[in-house]
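To keep things clear, I will list the structure first and then write my remarks on it.
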Ligand code: CP
């Protein structure tokens, strides 16, 4: 039996493979009637809440001819001590692919190491690769090829920022992170970027990060895995993406946010609801990108 084609992190695949996924996503968005997942079943495990990931994967499976089974973290025997390895072995006998959203990346890797079917990372504490496929797709729809462009992140150096770092290497763009020293992206992600020739820079000054950017990106200040940390709000307040910070970017810069958003915290309402924001296209593109990912993992 050949090894399953997992989708775990953008750093695991070369740019050509990721480009094929995006091309397929664009074809589906343009109306390609192919249904490559006819008769296939995807198990989706959610240990954490989701709106976009949950709904876009389910709709994508249905529109491509497949089915889904949704499991909450509370309702499997993992809750009573069954290992992720055994869960992977058992699910592999029932379904054609597994998607998991979890608070611990090690659970994802244990699942993938023991599954005989593809495993998809639907967000962990370390990364969110499916989101990045939609984000790159959205950027390119609006501004053309992302290669050679400058993308700025302002805010917490979290799991989504890590996937942007991976994307910078694989799609060949400059990625400038504006964040406080206490909230830099993980050291291993920055070391990976350096080792892989990614053009990633980290700035204490948000204006320096955003300067001349073709897109400005942010995310919530306290991610799902972090718990409440009110002190972080004081730390990150200077990095809020407001109209003044957007003015430091190129005049035609777009604004991206993976959502959900907290208006008045990481982004001003005038920005996310303003003319430079493309967040609703970005959310829609989760659907098309999931189709590309599913077809790559499972389809012809
Ligand atoms: N951006 C994102 O993953 O959204 P959900 O948490 O709603 O799935």
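General observations
- If only residues of the stretch 246-264 that are buried (at least 16 other Cβ atoms within 10 Å of the Cβ) and within 16 Å of the ligand (Cβ to nearest atom) are counted, the one that is farthest from residue 281 (Cα to Cα) is 261.
- Restricted to the stretch 1-59, and to residues there that are assigned to a strand (DSSP E or B) and away from the ligand (no atom under 16 Å from the Cβ), the residue that is farthest from residue 226 (Cα to Cα) is 41.
- Test: residue in the stretch 287-295 that is touching a residue at least 40 places away in the same chain (Cβ under 8 Å), over 21 Å from residue 48 (Cα atoms), within 16 Å of the ligand (Cβ to nearest atom) and not in a helix (DSSP H, G or I): no
- Within the stretch 160-170, the set of residues being buried (at least 24 other Cβ atoms within 10 Å of the Cβ) and out of contact with any strand residue (DSSP E or B) (no Cβ under 6 Å at 6 or more places or on another chain) comprises 160, 162, 163, 166, 167.
- Any strands (runs of 3 or more DSSP E) falling wholly within the stretch 108-214 and containing at least 2 residues that are within 16 Å of the ligand (Cβ to nearest atom) and in contact with a helix residue (DSSP H, G or I) (Cβ under 8 Å, 6 or more places away or on another chain): 119-121
- Of all positions in the stretch 83-100, at least one carries a residue that is at pLDDT 95 or above and within 15 Å of the ligand (Cβ to nearest atom).
- When residues of the stretch 60-82 are limited to those that are at pLDDT below 95 and within 16 Å of the ligand (Cβ to nearest atom), the one surrounded by the fewest Cβ atoms within 10 Å (Cβ to Cβ): 72
The values are calculated or read from the model by the stated rules, or taken from the named source; none is laboratory data. Since this is a predicted model, take the numbers as computed values, not measurements. Please note: Cβ atoms are built from the backbone with ideal geometry, for glycine as well, and neighbour counts cover all protein chains shown.
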